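Chemist: So that we are looking at the same thing, I have put the structure below in structure tokens.
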Amino acid sequence: MRHALAILVAVLGLGLAEARSDQTDPRLKDLFERLKTAATPEAAAPLESEIWTIWAKSGDTDLDQVLEVGSRAMALGDTATALKIFDVVVRKAPDFAEGWNKRATVYYMMGNYEASLADIDRTLELEPHHFGALAGLGLVNIALERDEAALDAFERVLKVTPQSQNARHNIEIVKQRIKDKSI
């Protein structure tokens with residue numbers, strides 16, 4: 001991850017321009033409409049993928065590079081590096097929803113659920129249809145044993161992407177947990 005930090009330092013030295021928030025990309029409206037009517041999970045998958053691609057573009061190529069480095073660090077489990085990188089992203093582009101979502105994910109991975117919830121809230125303020133953040137909200141609430149809130153979050157995922165198998169699976173898990181607690 002030294003390479004990741006070197007890239008971050010180099011990019012920061014360039015002085016990132018104010019990033020445009022691509023959760024406002026005009027293509028998203030049509031994609032979300034098509035996602036709601038997708039007949040199968042297989043039909044929904046490429047639409048979700050295209051949405052993720054749009055969300056990952058801030059409008060600033062340097063910032064996008066930093067986000068990618070942070071994503072790689074996160075994928076490798078290097079949460080300390082990823083957190084430092086995503087801290088920079090949200091500071092440089094406070095209206096870029098995916099920066100907040102990535103940092104929320106790192107906080108979740110670190111077990112810092114309250115910080116994750118705060119960043120999920122910010123993500124959803126910027127992009128109310130962010131099915132990844134909604135799913136994350138469900139997972140954080142499961143970890144906090146807030147089953148009703150988790151159920152609500154996963155149901156919100158299905159309002160955006162009705163074919164989400166993960167959301168359906170998690171709903172079943174949470175419903176079973178609620179049932180088990182009532183016994």
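Chemist: Take Gly138 and tell me if it is touching a residue at least 40 places away in the same chain (Cβ under 8 Å), surrounded by 15 or more Cβ atoms within 10 Å (Cβ to Cβ) and outside any loop (DSSP other than H, G, I, E, B).
Modeler: no
Chemist: Here is a further query. Going through segment 150-170 one residue at a time, which ones are within 21 Å of Arg103 (Cβ to Cβ) and free of Cβ contacts under 8 Å to residues at least 12 places away in the same chain?
Modeler: The answer is none; no residue qualifies.
Chemist: Looking at this structure, is Glu42 crowded, with 21+ Cβ neighbours inside 10 Å, acidic (Asp, Glu) and out of contact with any strand residue (DSSP E or B) (no Cβ under 8 Å at 6 or more places or on another chain)?
Modeler: no
Conditions tested, residue by residue: (1) out of contact with any His (no Cβ under 8 Å at 6 or more places or on another chain); (2) within 23 Å of Ser164 (Cα to Cα); (3) modelled with pLDDT of 95 or more.
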{"residue": "Trp55", "(1), (2), (3)": "no, yes, yes"}
{"residue": "Ser58", "(1), (2), (3)": "yes, no, no"}
{"residue": "Val69", "(1), (2), (3)": "yes, no, yes"}
{"residue": "Gly77", "(1), (2), (3)": "yes, no, yes"}
{"residue": "Asp87", "(1), (2), (3)": "yes, no, yes"}
{"residue": "Pro94", "(1), (2), (3)": "yes, no, yes"}
{"residue": "Ser116", "(1), (2), (3)": "yes, yes, yes"}
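Chemist: Follow-up. In segment 142-162, which residue that is of a type outside the set (A, V, I, L, M, F, W, C), in a helix (DSSP H, G or I) and within 30 Å of Leu28 (Cα to Cα) is nearest to the chain's Cα centre (by Cα)?
Modeler: Within segment 142-162, the subset of a type outside the set (A, V, I, L, M, F, W, C) is 145-148, 152, 155-156, 159, 161-162.
Now restrict to residues that are in a helix (DSSP H, G or I): 147-148, 152, 155-156, 159.
Those still in the list that are within 30 Å of Leu28 (Cα to Cα) too: 148, 152, 155-156, 159.
Numbers: Glu148: 21, Asp152: 17, Glu155: 17, Arg156: 14, Lys159: 17 Å.
Of everything passing the filter in segment 142-162, Arg156 is nearest to the chain's Cα centre (by Cα).
The values are calculated or read from the model by the stated rules, or taken from the named source; none is laboratory data. Model, not experiment: these values are computed from the prediction. Neighbour counts are summed over all protein chains in view; Cβ atoms, including those assigned to glycine, are modelled from backbone coordinates with ideal geometry.
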